[in-house]
Amino acid sequence: MPNSKIAGIGYFVPERVVTNDELTQYMDTTDEWIQERTGIKERRFADKHKESTTSMAVKAAEIAIKRAGIEKEDIDFIIFATLSPDYFFPGCGVLLQRELGISKTEIGALDIRNQCSGFIYGLSVADQFIKTGMYKNILLVGSEKHSMGLDFTTDGRGVAVIFGDGAGAVVLQPTEEENKGVLTTKLHSDGTKAEELALISPGAHGGYFHDDKAAFGFNEKDETFGGIFVTDEIVKNKWHTPYMNGQAVFKKAVQKFPEVILEALNEVGLKSTDINLLVPHQANLRISQFVQRMAGLTDDQVYNNIQKYGNTTAASIPIALCEAWENGKVKDDDLIVLAAFGSGFTWGSALIRW
Ligand code: UT7
């Protein structure tokens with residue numbers, strides 16, 4: 001059975017740099033607070049009118065395809081991970097196919113909704129397809145345009161200062177070389193904490209009934225059919241923008257990152273001392289540093305770029321991996337570890353022998 005290898009990798013971030021200082025114009029925050037709590041100095045925001053989640057994905061994908069030495073038409077499956085799709089439906093996978101100009105090939109396109117761990121989930125799915133021989137050139141993309149969906153008032157500062165826009169892409173191909181490529185992937189979730197990091201409304205059914213809480217924004221007296229609506233209550237409570245219980249997410253993240261990395265290493269009989277480079281999802285520099293300490297890794301063995309791009313959710317791992325590769329930090333035969341934790345909660349890891 002073949003393994004899957006990353007044959008080509010690319011990323012794209014918008015030109016527009018938004019510094020912490022610029023955000024202080026819109027909300028009560030400071031450069032000092034943001035840097036101290038998250039490590040972020042600046043992030044990129046897409047051009048509101050000219051750049052979309054799909055258009056950024058196209059740019060990253062074109063680089064990855066070129067580096068894989070194939071033509072767009074050779075792609076036989078698309079996997080697209082995002083939490084900020086251009087449309088509620090259809091997903092960005094088919095839009096990417098169209099914008100790449102390969103609709104005639106009629107290949108399958110799958111959208112993944114696993115937020116920060118979307119890229120790892122996508123990698124795991126792609127890996128299974130390649131192992132079974134079903135596909136030979138899978139395009140896997142993570143892309144986010146967060147800047148359209150955040151609350152840039154002081155109410156939303158706990159979330160808005162963290163996120164940035166961008167896209168990363170890889171082309172996965174089979175390799176017959178032993179002990180090369182994706183060695184294993186591990187996926188987990190715990191839905192009991194779904195609302196700790198979520199965008200609740202508006203949804204197609206107008207809110208979700210959870211515990212003994214009333215539906216978010218749903219008026220019990222309303223007996224009409226149909227659910228797509230925006231009520232005063234939704235707007236007042238800002239349920240149309242993301243909510244995050246930062247401390248709860250942080251606590252779970254620092255527990256689950258090391259756990260899922262160790263789980264993957266144990267499965268293939270490796271130890272943390274075998275790691276050449278850890279590329280963690282860029283959620284918070286303090287989380288990455290905690291994981292680094294737990295794994296006993298040096299600064300050189302962990303790649304972080306959250307300082308420049310903020311948290312780009314599904315795009316953060318492929319952007320960081322690509323940048324690390326471009327900077328010569330990913331070499332032949334290196335053991336690369338990818339790990340992510342985020343909304344859902346969902347988390348996962350992947351080991352790659354480059
Ligand atoms: O990628 C998806 C997964 N997400 C994560 O992994 C994020 C995990 N969580 C975190 O990274 C951190 O919890 C945050 C960076 C989101 C927040 O840092 P924190 O140290 O947990 O701060 P906090 O939420 O406990 O807030 C501390 C204080 C509060 O004020 P009071 O109540 O102490 O007066 C907040 O209102 O900081 C205030 N605050 C801010 N102040 C200035 C919250 N956001 C800001 C802000 N600027 N942007």
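The values are calculated or read from the model by the stated rules, or taken from the named source; none is laboratory data. All of these numbers come straight from a predicted model, not from anything done at the bench. Positions of Cβ are generated from backbone atoms using ideal geometry, with glycine treated the same way; all protein chains shown enter the neighbour counts. Heavy atoms of the whole protein, side chains included, go into the accessibility calculation; ligands, DNA and RNA do not. Shrake-Rupley method; radii C 1.70, N 1.55, O 1.52, S 1.80 Å.
Overview of values
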| quantity | calculated |
| --- | --- |
| Meets criteria (outside any helix (DSSP H, G or I) and under 15 Å from the mean Cα position of the chain (by Cα)) for Ala320 | no |
| Subset of region 125-145 that is assigned to a helix (DSSP H, G or I) and open to solvent by 10 Å² or more (accessible area, probe 1.4 Å) - its residue that is farthest from the ligand (Cβ to nearest atom) | Lys131 |
| Given (1) open to solvent by less than 10 Å² (accessible area, probe 1.4 Å); (2) touching a helix residue (DSSP H, G or I) at 6+ places or on another chain (Cβ under 8 Å), index of the condition Glu99 fails | (1) |
| Filter result for Arg67 (in contact with a Gly (Cβ under 7 Å, 6 or more places away or on another chain), among the basic types (Lys, Arg), buried (at least 17 other Cβ atoms within 10 Å of the Cβ) and under 17 Å from Leu100 (Cβ atoms)) | yes |
| Yes/no for Gly342 being among the small types (Gly, Ala, Ser) and farther than 21 Å from Ile34 by Cα | no |
| Residue among Ile275, Ile306 that alone is more than 16 Å from the ligand (Cβ to nearest atom) and outside the structural domain of Ile112 (by TED's automatic domain parsing) | Ile275 |
| Single residue of Leu197, Leu183 found to be within 27 Å of Asp127 (Cβ to Cβ) and within 13 Å of the ligand (Cβ to nearest atom) | Leu197 |
| Count of region 84-96 residues which are surrounded by fewer than 24 Cβ atoms within 10 Å (Cβ to Cβ) and assigned to a helix (DSSP H, G or I) | 2 |
| Spans of strands (runs of 3 or more DSSP E) in region 1-82 with at least 1 residues in contact (Cβ under 8 Å) with a residue 24 or more places away in the chain and of a type in the set (Gly, Ala, Ser) | 3-12, 77-81 |
| Residues being near the ligand (Cβ under 8 Å from one of its atoms) and either in contact (Cβ under 8 Å) with a residue 60 or more places away in the chain or crowded, with 19+ Cβ neighbours inside 10 Å (or both) - total across region 241-255 | 4 |
| Boolean, Gly118 is touching a helix residue (DSSP H, G or I) at 6+ places or on another chain (Cβ under 8 Å), open to solvent by less than 10 Å² (accessible area, probe 1.4 Å) and more than 26 Å from Tyr26 (Cα to Cα) | yes |
| Residue within region 101-120 that is over 25 Å from Lys256 (Cα atoms) and touching a Gly at 6+ places or on another chain (Cβ under 8 Å) present | yes |
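Residues are listed down the side, and each one gets a yes or a no for (1) surrounded by 14 or more Cβ atoms within 10 Å (Cβ to Cβ); (2) assigned by TED's automatic domain parsing to the domain that holds Ile70; (3) at pLDDT 95 or above; (4) in contact with a helix residue (DSSP H, G or I) (Cβ under 7 Å, 6 or more places away or on another chain):
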position	(1), (2), (3), (4)
Ala7	yes, yes, yes, yes
Gly10	yes, yes, yes, yes
Asn20	yes, yes, yes, yes
Gln25	no, yes, yes, no
Asp28	no, yes, yes, yes
Asp31	yes, yes, yes, yes
Glu36	no, yes, yes, no
Ile40	yes, yes, yes, yes
Arg44	yes, yes, yes, yes
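Residue-wise test of (1) open to solvent by 10 Å² or more (accessible area, probe 1.4 Å); (2) closer than 24 Å to Ile65 by Cα; (3) at pLDDT 95 or above.
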| position | (1), (2), (3) |
| --- | --- |
| Asn266 | yes, no, yes |
| Gly269 | yes, no, yes |
| Asp274 | yes, no, yes |
| Arg286 | yes, no, yes |
| Gln289 | yes, no, yes |
| Ile317 | no, yes, yes |
| Ala340 | no, no, yes |
| Gly348 | no, no, yes |
| Leu351 | no, yes, yes |
